[in-house]
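Read through the structure below, which is laid out as structure tokens, and then see the notes.
The values are calculated or read from the model by the stated rules, or taken from the named source; none is laboratory data. Note that the structure is predicted; figures quoted are calculated from it, not measured. In this analysis, Cβ positions are derived from the backbone assuming ideal geometry, glycine residues included, and neighbour counts consider all displayed protein chains.
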Amino acid sequence: MKVTHEFPQGFLVAEDGDSIIGFIYGYFRDVPTEVLANWNVSKVATIELLVVSPDYRNQGTGTALLKRLLEIFKEAGTDLVGLHCPVQANDAKQLYERVGFEVSAYHMRKRLDR
């Protein structure tokens, strides 16, 4: 997968024996200098995807993956991390809030009739 070559440390896998039970992927965003100044940050990262097998949810796997990726970002000098969370993903939203994420924007969409 090419995207992991850009920041391979941002791809983490959780395993149970020989089985992959979850993974997370994040990377650094290219943000214009003016925006960084406006946000009062120097380096921005994005968490693209966090997946945990249904059989392993609510057991700390997602939290462990998320916290480790945040540590990696912090060690690399990141001072702002963003992510998108679908409205219907209540468990994911609760996890992100427990770790300290806050809503900062609303992603809106409208389907157009064809």
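Worth a mention:
- Qualifying positions in region 86-100 - touching a Lys or Arg at 6+ places or on another chain (Cβ under 9 Å), assigned to a loop (DSSP other than H, G, I, E, B) and under 20 Å from Gln59 (Cα atoms): none
- Residues in region 90-114 that are in contact (Cβ under 8 Å) with a residue 24 or more places away in the chain and among the aliphatic types (A, V, I, L, M): Ala92, Leu95, Val99.
- Which listed residue is more than 20 Å from Phe7 (Cα to Cα), in a strand (DSSP E or B) and either modelled with pLDDT under 95 or out of contact with any Asp or Glu (no Cβ under 7 Å at 6 or more places or on another chain) (or both), from Ile47, Ile24, Ile20: Ile20
- Filtered residues of region 61-77 (kept if small (Gly, Ala, Ser) and surrounded by fewer than 13 Cβ atoms within 10 Å (Cβ to Cβ)): Gly77
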